[in-house]
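J.: Let me give you the structure first, and then I'll get to my questions.
Nothing in this text is a laboratory measurement; each read-out follows from the coordinates by a stated rule. Here the structure is a predicted model, which means the values were calculated and not measured. Counting neighbours? That spans all protein chains shown, and the Cβs are built from the backbone with ideal geometry, glycine included.
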Amino acid sequence: MNDYATEEQQVEAIKSWWQENGKAVVLFAVIGLGGLWGWRYYQSEVHVAKHIASDTYTQVVSALDANSKDAVAEAKTFIDANKDSQYAVLTALQLAKVQVDNKDLDGAVEQLQWVINHTKDDAILPLATTRLARIYAEQQKFDEALAELKKVTVPSWKSKVAELRGDILLQKGDITGAREAYVEAQQEGSSPALQMKLDDLAQ
């Protein structure tokens, strides 16, 4: 406003600006208030949706634990309906476990691959990956199993991964490789079971 010499000129300038832009200001104000209300409504809806998903997740997992007749189908439906939620990831993990128990290894592989592709959680990702490796080994797909283990880079999983690699190599018939893997696992953290595996290979 320093460009205007008198107060009257300033007033006139304000009037002129308002005539040109006033409607837009009112419109943006209305949109802003509507946006605030809309955001609050959205937040409320999200909260309700999460609550519903949580309740449904509990029901689905309970059905899986009980191995109910329609549990697998219901779990798949829940996963499809909640693809972007952590509940879907946890359900897929549980579903894979049930499918392994029911000898449906291909179904379990599909669920675990879905989990791996839909989470970045450092607690879930290595769990799903090592479970997938175990199933591949059970299917005699040893190279695929070992390839999955290489993807697990979380430091706290080093010992578990090395021991599992030893188990898979032993299944594959690579005794030397298995022993080396067990020794690596032992260096990361020994256990009675791991020592027994090494003792068996020494005989």
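J.: Let me know the number of lysine pairs in region 56-203 closer than 18 Å at the Cα, not counting same-chain pairs under 8 apart.
T.: 18
J.: While we're here: Please work out how much length the chain gains when fully extended from N117 to E184, using 0.36 nm per residue of separation minus the C-alpha to C-alpha distance, in nm with one decimal.
T.: Contour length minus Cα-Cα distance gives 21.2 nm.
J.: Now a separate question. When you count, for each residue, the other Cβ atoms within 10 Å and take the mean per peptide, how do 123-134, 150-161 rank with the highest first?
T.: Going from most to least packed, we get 123-134, 150-161.
J.: So how much slack lies between D143 and T176, counting 0.36 nm per residue of separation and subtracting their Cα-Cα distance, in nm?
T.: Difference between extended and current length: 10.2 nm.
J.: For region 64-203, rounded, prolate or oblate, judged on the Cα gyration tensor with a ≥ b ≥ c (square roots of eigenvalues), a/c < 1.5 rounded, else prolate if a/b > b/c?
T.: Prolate, because a/c is 1.5 or more and a/b exceeds b/c.
J.: Kindly write out, for region 157-170 in residue order, the coupling ³J(HN,Hα) from the Karplus curve 6.51 cos²θ - 1.76 cosθ + 1.60 (θ = phi - 60°), rounded to whole Hz, with x marking Gly and Pro.
T.: For region 157-170, the Karplus curve yields 9, 4, 5, 4, 5, 5, 5, 5, 4, x, 4, 5, 5, 5 Hz.
J.: Can you run phi through the Karplus equation (6.51, -1.76, 1.60; θ = phi - 60°) for region 190-196 and list ³J(HN,Hα) in whole Hz, with x for Gly and Pro?
T.: Per residue, the Karplus-derived 3J(HN,Hα) values read 7, 8, x, 5, 5, 5, 4 Hz.
J.: Indicate the gyration tensor shape class of region 129-185 (rounded, prolate or oblate), computed on the Cα atoms with a ≥ b ≥ c the square roots of the eigenvalues: a/c under 1.5 is rounded; otherwise a/b larger than b/c is prolate and the rest oblate.
T.: Note, shape of region 129-185 comes out oblate.
J.: Only Cα pairs under 8 Å and at least 6 apart count here; give the relative contact order of region 112-203 as a rounded whole percent.
T.: Relative CO of region 112-203 lands at 20 percent.
J.: How would region 51-130 be classified by its alpha-carbon gyration tensor: rounded, prolate or oblate, with rounded meaning a/c under 1.5 and the a/b versus b/c comparison settling the rest?
T.: It is oblate, given that a/c is not under 1.5 and a/b is not larger than b/c.
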